[in-house]
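Working notes, structure below.
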Amino acid sequence: MVTSSDLDRSAILRESAAAVRHLARICFKTGPPTHTGVELEWTVHDAADPVRPVDATRLRAALGRHSPAMLDATSPAEPLRHGGMVTLEPGGQLEISTPPRPSVAALIRATEADIAQVTDLLAAAGLVLGSSGIDPHRRPRPVVETPRYRAMRGAFDRHGPAGRTMMYSTAGLQICLDAGEPDQVADRWAAAHAVGPPLLAAFASATRHAGRRTGWASARMAAWLAIDPARTRPVWSPSRAEDDPIDAWISYVLAAPLLCLRRHGADWAAPPGVTFADWLDGALPRPPTTDDLDYHVSTLFPPVRPRGYLELRYLDAQPDRDWRLPLVVLTALFADPGTVREAYTIATPVAHRWSAAARHGLADPGLAATAAALLDLAMSIMPRLELPASTHDEIRRGLRQRLTAAERRHQ
């Protein structure tokens, strides 16, 4: 049976107005901001020799029935016990994507259980999860090959080596927040961007790559920033703070060049420089469909990406259980409209300093001072999150350590 959604996804977009209407309908799903989600990535290493490459066969054997289809076409790709889904990035980085939860306490419990399950599966195969935002031991190399990944590599290679570093060596922590009620979206959108540079600095964990120091606090973000500004630069900026979020996102999407074109066979390379707006104007032999537009959106990687909810993509992977720290900070800062506005006011003076945050982290006095103020604000709000006492105390200690480091840098 063909459903209405099938028809919508296959609908031909014959003019830009139809693409605009579709993007405007899906980019922000408004409603009470009650849910939070998290996506965690890690590099994966041999437990005895972290420099040793880990191939797809070994990962497939370790993950078993939880292997994603890109790794094993016959796998049932079963969710983990608490609902997390396992996927792999092209360099073999492992990702757990959680279902959103109505409380951060519930999200932490479920995510910790899923991480423990994956850790056990890997341990049985002599593998361990990494602890930083970029592979400190190995040079970039492909582990999972698909037509999409080959097309990505070819497109990124035109801009230099950063694309391969990003694809094969980086690991991030993504926090997913509701967009909010219609009258809250603009403030939450702006604040999600504004707090990015100081929180990137506070939680930077990617200083070593392939056996050497990189000179960056977050070499992961450095790689992202160097790939292709048309698909990785922030959508929002302080200089255009009054822009409507929906209009800004639509302009970003339509102006971005195509990364790949799905077709039969292994060659998905897109003509260089052709944007989605060009495609709508007839630059390619066939017109695009709604499904093509949705797929194009999936190839855009700004620090904050609207997916109905807000996907905050700027944090490095964290060691051990420290992923909970930025999760709690962001949940606290976005607890209500008042905290959102206060966080925005604190962060705005450094909201444009993405490159400085990646390069210097808390060694930058302005970023350190702003990070300290944000962490202090978050800790004042933490009791409202109703975390279990032991979790609250442990996270507070971790944040105090980060706050102390930021304050020392500022002195």
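Quick look at the numbers
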| quantity | calculated |
| --- | --- |
| Number of the exception - LEU173 against (1) surrounded by 22 or more Cβ atoms within 10 Å (Cβ to Cβ); (2) in a loop (DSSP other than H, G, I, E, B) | (2) |
| Qualifying residue in the stretch 26-40 (condition: of a type in the set (Asp, Glu) and closer than 16 Å to TYR168 by Cα) | no |
| Contacts under 7 angstrom Cβ, first residue in the stretch 61-79 being within 17 Å of SER97 (Cα to Cα) and surrounded by fewer than 17 Cβ atoms within 10 Å (Cβ to Cβ), partner of a type in the set (Ser, Thr, Tyr) and at pLDDT below 95, 6 or more apart | none |
| Any hit, the stretch 317-339, residues being within 20 Å of PRO100 (Cα to Cα), touching a Pro at 6+ places or on another chain (Cβ under 7 Å) and basic (Lys, Arg) | no |
| Complete set of residues in the stretch 146-202 that are more than 19 Å from PRO306 (Cα to Cα), touching a Leu at 6+ places or on another chain (Cβ under 7 Å) and not aliphatic (A, V, I, L, M) | PRO198 |
| Which listed residue is buried (at least 23 other Cβ atoms within 10 Å of the Cβ) and either assigned to a helix (DSSP H, G or I) or among the aliphatic types (A, V, I, L, M) (or both), from THR370, THR348, THR391 | THR370 |
| Yes/no for HIS159 being out of contact with any Phe, Trp or Tyr (no Cβ under 8 Å at 6 or more places or on another chain), at pLDDT below 95 and either surrounded by 22 or more Cβ atoms within 10 Å (Cβ to Cβ) or not in a helix (DSSP H, G or I) (or both) | yes |
| Residues that are touching a Gly at 6+ places or on another chain (Cβ under 9 Å) and either surrounded by 21 or more Cβ atoms within 10 Å (Cβ to Cβ) or under 22 Å from ALA269 (Cα atoms) (or both), drawn from the stretch 139-153 | PRO140, ARG141, PRO142, VAL143, VAL144, PRO147, MET152, ARG153 |
| Filter result (exposed (fewer than 14 other Cβ atoms within 10 Å of the Cβ) and not in a loop (DSSP other than H, G, I, E, B)) within the stretch 25-60 | ARG25, THR57 |
| Pick from the stretch 351-367, criterion of a type in the set (D, E, K, R) and outside any helix (DSSP H, G or I), ranking: modelled with the lowest pLDDT | ASP364 |
| Residue in the stretch 184-194 that is surrounded by fewer than 22 Cβ atoms within 10 Å (Cβ to Cβ), more than 14 Å from the chain's Cα centre (by Cα), part of a loop (DSSP other than H, G, I, E, B) and in contact (Cβ under 8 Å) with a residue 12 or more places away in the chain present | yes |
| Those residues of the stretch 55-94 which are among the charged types (D, E, K, R) and at pLDDT below 95, in sequence order | ASP72 |
| Selection count where residues are more than 21 Å from the chain's Cα centre (by Cα), closer than 25 Å to LEU259 by Cα and small (Gly, Ala, Ser), scope the stretch 118-165 | 2 |
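The values are calculated or read from the model by the stated rules, or taken from the named source; none is laboratory data. Keep in mind that this is a model prediction, so the values were computed, not measured. Cβ: placed from backbone, ideal geometry, glycine included. Neighbour counts: every protein chain shown.
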